[in-house]
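Visitor: Following this message is one structure expressed as structure tokens.
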Amino acid sequence: MNQTILQFLKRYDFSFIGSMAAIFLVGVLNLYSSTHADVAAGLDALYQSQIGWFILSVCVAIGISFLNPKTFERFSYVGYVGTLFLVFLVLLMGKVGMGAQRWLVIGPIRMQPSEFMKMGLVLALARYFTKVNPERQLGFKDLIIPGLIMGIPAVMVIIQPDLGTGMLLVFIFSLMIFYKRLKWKTITTLGVIAVVSGVLMYNFGLREYQRKRIHTFIDPYEDAKGSGYNAIQSEIAIGSGRLFGKGFKNSSQASLNYLPENHTDFVFAIFNEEHGFFGSVFLIILYLVFFMRLIWLATSVQRFYDSVLVVGIMAIFFWHTFINMAMVSGLLPIVGIPLPLMSYGGSSMLTFGVGVGMATSVSNSRNFFN
């Protein structure tokens, strides 16, 4: 019996859950540091709730890791339709908060279905691309159906309004179709469509506050006390960290509440302030190790579905990380995108846990299911 357990542990891939735990440990310490002084607003206990969500997410990841990846393929469209239905329910009966209708409240359960939609989209696209001749390069007509699979939930999420998450669905889709391989003519056509769509969106699709975010990105000091305030304070936090940072629990931006949403969108700015350039490099390395492991897995599996699924999971983690770090550093306009396993949030934590569990399942399938 002991020999069997030992053999199982040797063959089980702990790398993804291990990477998840390492990043979370850094994240929960940073969350505690950034909120411990905010007793009046009740934010000082958020780290305890975050630990609870992480434990649940790890349990979900471990449970999923024992499934055969063929199960994911079999129920891919079910997962997509299920998450799409939840997003639709938000439009009908979602709870309004901070000017947006993004949350679904069912009894004591409060969730943000747009977070789950990311994984539903990855599942559906992986299934679709597997069924339509995996070896063939995609032409523009080949993108109509997968474009609708992505476009329907993207539009529904943008209506909430949640432009950041809606655009994230587009970016996940883009990375997956590039992995599937596109014809050069298709790439050119998509580039033209993207430029035209961007111009039309800016002039007719964006709300005034969303246009202000773009103006703020170009020149945050144009409205330093209004729309540019968050961007300026974020850059101050990052700059004041210098090489080694101010130290744990010594963030002035967090303790004096100069930087709003320092437990969600701007956790990386607080981390920079307290741990400086070298601390940030360490965190980025943790993410890179995780990304490289996913890339290795995508290129080492035999089943095409497994490969595309892993690329989709990597796309979710990568775009969250890149966009969040870029926006708090002033390299992109500010949007509400959480930093994986660092930002506070139960729905996003569960989504990342599901992704880690699926990646582990695919890796384990090379030893257990072949």
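Visitor: What's log10 of I(q)/I(0) for the chain at q = 0.11, 0.13, 0.15 Å⁻¹, Debye sum over Cα points only, no solvent?
Guide: Debye output, listed in q order: -0.80, -1.13, -1.45.
Visitor: Only helical DSSP H runs with n ≥ 4 go in: add -39500 (n - 2.57) per run for the chain, normalise by residue count and round the 222 nm mean residue ellipticity to 500 deg cm²/dmol.
Guide: -23000 deg cm²/dmol
Visitor: With unit charges on the beta carbon (Lys/Arg positive, Asp/Glu negative), name the residue among SER57, GLY239, VAL308 whose Cα is farthest towards the positive pole of the charge dipole of the chain.
Guide: Of SER57, GLY239, VAL308, it is VAL308.
Visitor: Let me ask something additional. Please express the Cα-Cα pair-distance distribution P(r) of the stretch 112-229 as a list of whole percents, one per 5 Å bin, running from 0 to the bin with the greatest distance.
Guide: Taking every Cα pair in the stretch 112-229, the percentages come to 2, 10, 18, 19, 17, 15, 10, 5, 3, 1, 0.
Visitor: Show the residues, 5+ positions off or on another chain, whose built amide H is closer than 5 Å to the amide H of LEU182.
Guide: Distant-sequence amide H within range of LEU182: LEU138.
Visitor: With the full set of protein chains in place, find how many percent of the accessible area of the chain is carbon and sulfur; take the probe as 1.4 Å.
Guide: Reported share for carbon and sulfur atoms: 68 percent.
Visitor: Using amide H atoms built 1.01 Å from N in the peptide plane, name the residues 5+ places from TYR344, or on other chains, whose amide H lies under 5 Å from its own.
Guide: Answer set, sorted by chain and number: THR264.
Visitor: Modelled label-to-label distance, THR189 and PHE66, 7 Å Cα→beta-carbon offset: nm?
Guide: With each label placed 7 Å out from Cα toward Cβ, I get 4.7 nm.
Visitor: I need to check one value: relative contact order of the stretch 202-299, counting alpha carbon pairs closer than 8 Å and at least 6 residues apart, in percent.
Guide: Worked out over the stretch 202-299, it gives 23 percent.
Visitor: Let me ask another. Relative to the present Cα-Cα distance, how much length would full extension add between VAL155 and ILE109 at 0.36 nm per residue of separation?
Guide: Between VAL155 and ILE109, full extension yields 14.1 nm more.
Visitor: If you don't mind, there's one more thing I want to ask. Can you pull the accessible area of PHE116 for me, 1.4 Å probe, Å² to the nearest 10?
Guide: Approximately 50 Å² for this residue.
Visitor: Note down the magnitude of the dipole of the stretch 168-294 about its Cα centre, charges +1 on Lys and Arg C-beta and -1 on Asp and Glu C-beta and zero elsewhere, to the nearest 20 debye.
Guide: Using Cβ point charges on Lys, Arg, Asp and Glu, the stretch 168-294 gives about 660 debye.
Visitor: Which value, in Å², gives the accessible area per residue of the chain when a 1.4 Å probe is used on the protein heavy atoms?
Guide: Here the per-residue accessible area is 47 Å².
Visitor: Please give the residues of the stretch 220-242, grouped as numeric ranges, whose backbone N is less than 19 Å from a label point set 7 Å along the Cα-to-Cβ vector of PHE278.
Guide: Label zone hits: 238-242.
Visitor: With unit charges on the beta carbon (Lys/Arg positive, Asp/Glu negative), name the residue among SER255, PHE217, LEU175 whose Cα is farthest towards the positive pole of the charge dipole of the chain.
Guide: LEU175
Visitor: State which entries of LYS131/LYS183; LYS10/LYS118; LYS95/LYS141 exceed 27 angstrom in Cα-Cα distance in the structure shown.
Guide: LYS10/LYS118; LYS95/LYS141
Visitor: Here's a follow-up. Restricting the calculation to Cα positions, tell me the Rg (one decimal) and the Dmax (whole number) of the stretch 211-256 in Å.
Guide: 12.5, 36
The values are calculated or read from the model by the stated rules, or taken from the named source; none is laboratory data. Not measured: the values here are computed from a predicted model. A quick note on method: Cβ atoms are made from the backbone with ideal geometry, for glycine too, and the neighbour counts reach across all protein chains shown. For accessibility, only protein heavy atoms count, side chains too; no ligands or nucleic acids. Shrake-Rupley method; radii C 1.70, N 1.55, O 1.52, S 1.80 Å.
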